[in-house]
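Coordinate-derived values only; no laboratory data. Predicted model only: the values in this text are computed from it and were never measured. Don't worry about glycine lacking a Cβ; one is built from the backbone with ideal geometry, like all the others, and counts go over all protein chains shown.
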């Protein structure tokens, strides 16, 4: 059997979903149809609408939605079927390190098991659908809220991230109780506050939810509802005959029924970047039997998020450092311009001083000058004195210090040299 290609371009994925039904594709890739559709949506790949394949099978014309181009290069490559395909190498490495550390701790506990078993209380056995008399201390507040909660119009009770039908209330409380024990055994913490239910470790926390599956099947009217419909229709027909028009809905039943199935799902309330985030009741498992796996899964998400935050912070620090280096380079360029301008000012002042001195020295000393001419010569001598004072070593040193043109140490020095030029407007 040929191995499935799991890294595709958007164009290849588009061709795939318009040539084979998503339900079949999802089965081949080991995903749910909903999960496969989410991958398509994430990469802005349109999928066939409802009824498309029925038209194709019937030989009827069916319009194919074209693939529009996107500028975001991150969307051009699609990874399918691997929970770590969307993760960076550093996150994968961090997950591997965390897994190795968990394995090491497990082996350490195994070596200490005889001593630990002698001192630790026995693990409480799971009692599904049995009311919990004394819930775990970390979920006491949420349990109280659930037991006091009044069901809404659909019969749902809720508290801090838990949303279940009132019939499932006690089972949900039991799950919270056993989850708290599994979390405690893992060395983590389970906390309920005004922001919801959180599972926390030393590296971070995630908000989790416990919810019951809801279905909305089309309502099938009963005989009494059909009779009421006929009565309303007959009345409206009479009104129409008399010229009285109304547009009220005739059907005395809802379009859909809301059914809570009793199937529970516990999961992470956020984007998990391809990592598994939820565990549900199934044919061979219950949420209660998955609690340890769920806690391990939440630890994985926390490690991945912590690594992504670390990488993001490193990138931000690098951006800030590059921004500072470019700022220093800009200030150095400005300083070079200021140095040149000042040096030209000194050179110009010295040339003027030489010219003035030459002119003054050429004037006969014994000759009596007319008044205006004499005053000009006096002004020239004053101007010469100013220019000579401006170009002394002491005056130049004072000006250099005031303008900070040649400081030591150099406050604009970059040990890495000049930074690379920007490639585009958004480049830091």
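Taking Cα atoms only, the orientation of helix 89-111 departs from the longest principal axis of the chain by about 60 degrees.
Rounded to the nearest 5, what is the percent of antiparallel bridges among the DSSP beta bridges in the chain? List each step's numbers first, then the result.
On the way: 28 of 30 bridges.
Bridges in the chain are about 95 percent antiparallel.
Inter-part distance, the stretch 178-196 to the stretch 347-394, computed on C-alpha centroids, equals 90 Å.
Using alpha carbon coordinates only, what is the Rg to Rh ratio of the chain, with Rh defined as the Kirkwood radius? The partial results should precede the final answer.
Values: Rg = 39.9 Å, Rh = 30.9 Å.
A ratio of 1.29.
With one equal scatterer per alpha carbon and no solvent term, the Debye-computed log10 I(q)/I(0) for the stretch 261-339 at 0.20, 0.22 1/Å reads -0.90, -0.98.
Where does helix 371-390 land angle-wise versus the long Cα axis of the chain, in degrees 0 to 90, nearest 10? Once rounded, one gets 50 degrees.
When the Kirkwood hydrodynamic radius is evaluated over all pairs of different C-alpha atoms of the stretch 1-82, what value in angstrom, to one decimal, is obtained?
Working: mean 1/r = 0.0746 Å⁻¹.
For the stretch 1-82, the Kirkwood estimate is 13.4 Å.
Treating r as the C-beta distance of residue 150 and residue 245 and R0 as 41 Å, the FRET efficiency rounds to 0.45. Taking every C-alpha pair closer than 8 Å and separated by at least 6 residues, the mean separation divided by the residue count of the stretch 1-82 gives a relative contact order of 45 percent. Angle of helix 291-361 to the longest C-alpha principal axis of the chain, folded into 0 to 90 degrees and rounded to 10: 10°.
If you average the sequence gap of Cα pairs under 8 Å that are 6 or more apart and divide by the length of the chain, what percent do you get for the contact order?
On the way: 416 pairs, mean separation 49.2, N = 428.
Result for the chain is 12 percent.
When the Cα atoms of the stretch 315-403 are aligned to their principal axes, the ranges along those axes come out at 80, 18, 18 Å in descending order. So if we plug the beta-carbon distance of residue 411 and residue 359 into 1/(1 + (r/R0)^6) with R0 = 60 Å, what FRET efficiency do we get, rounded to 0.05? After rounding to 0.05, the efficiency reads 0.90. Averaging 1/r over each pair of different alpha-carbon atoms in the stretch 217-256 and inverting the result gives 11.0 Å, the Kirkwood hydrodynamic radius. Specify the residue with the greatest mean-square fluctuation among 93, 399, 211, computed from a Gaussian network of the chain linking alpha-carbon atoms under 10 Å apart. Among 93, 399, 211, the largest GNM mean-square fluctuation belongs to 399. Distances between every pair of Cα atoms in the stretch 201-315, grouped in 5 Å steps from 0 to the bin holding the largest one, split as 2, 10, 12, 12, 10, 8, 7, 6, 7, 6, 6, 6, 4, 3, 1, 0 percent.
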